[in-house]
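See structure below.
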Amino acid sequence: MRDAHDDGQPVLRGLFHEFPADARSWSVKDQCLLGPDLLVAPVLDAGARARTVVLPAGADWTDLWSGTVHPGGGEVEVDAPLERIPLFVRDGAMPEVVAAVRAALGLPAAALPA
């Protein structure tokens with residue numbers, strides 16, 4: 001929120017906003033970043049319980065639900081049951097943001113790798 005307040009940066013961002021050098025980030029239309037560090041990948045297909053998530057190059061990404069770390073620049077297939085939306089946090093994210101998101105999801109803070 002600080003970027004939005006200080007510099008007028010959007011809170012909800014296309015992947016290209018933070019990763020302009022990653023050509024694929026310009027064509028992803030069904031994922032977004034909440035601030036610079038939280039990647040949100042909603043399931044848009046009726047009945048789907050999994051989806052492919054594009055992870056922008058230039059960062060490692062941690063699945064907030066499983067704690068699994070994935071390198072950027074590729075795709076991962078993740079489970080997406082009705083009760084949870086696929087969420088990934090960028091490496092180097094502010095620990096207090098990660099802790100707040102995990103707390104809001106009802107997840108233990110210790111499950112996320114340092």
Separation of the residue 9 and residue 104 label points, Cα + 7 Å toward Cβ, nm
1.7 nm
Would you calculate a helix-derived [θ] at 222 nm for the chain, using -39,500 (n - 2.57) for each DSSP H run of n ≥ 4 and dividing by the full residue count, to the nearest 500?
-4500 deg cm²/dmol
Can you give the relative contact order of the chain as a percent, counting alpha carbon pairs under 8 Å and 6+ residues apart?
20 percent
Residue with peak Gaussian network fluctuation, the chain [Cα springs, cutoff 10 Å], from 40, 53, 76:
76
Given 25 °C and 0.890 mPa s, compute D for the chain with the Stokes-Einstein relation, Rh being the Kirkwood radius over Cα pairs; round to the nearest whole µm²/s.
169 µm²/s
To the nearest 0.05, how large is the calculated FRET efficiency for residue 50 and residue 91 if R₀ is 30 Å and r is the Cβ-Cβ distance?
0.80
What nm distance separates the two modelled labels at residue 57 and residue 30, each placed 7 Å from Cα along Cα→Cβ?
2.4 nm
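Throughout, read-outs are computed from the coordinates displayed, never taken from laboratory work. Worth saying up front: this structure is predicted, and the values here are computed from it rather than measured. With ideal geometry, Cβ positions are generated from the backbone for all residues, glycine too; neighbour counts draw on all protein chains shown.
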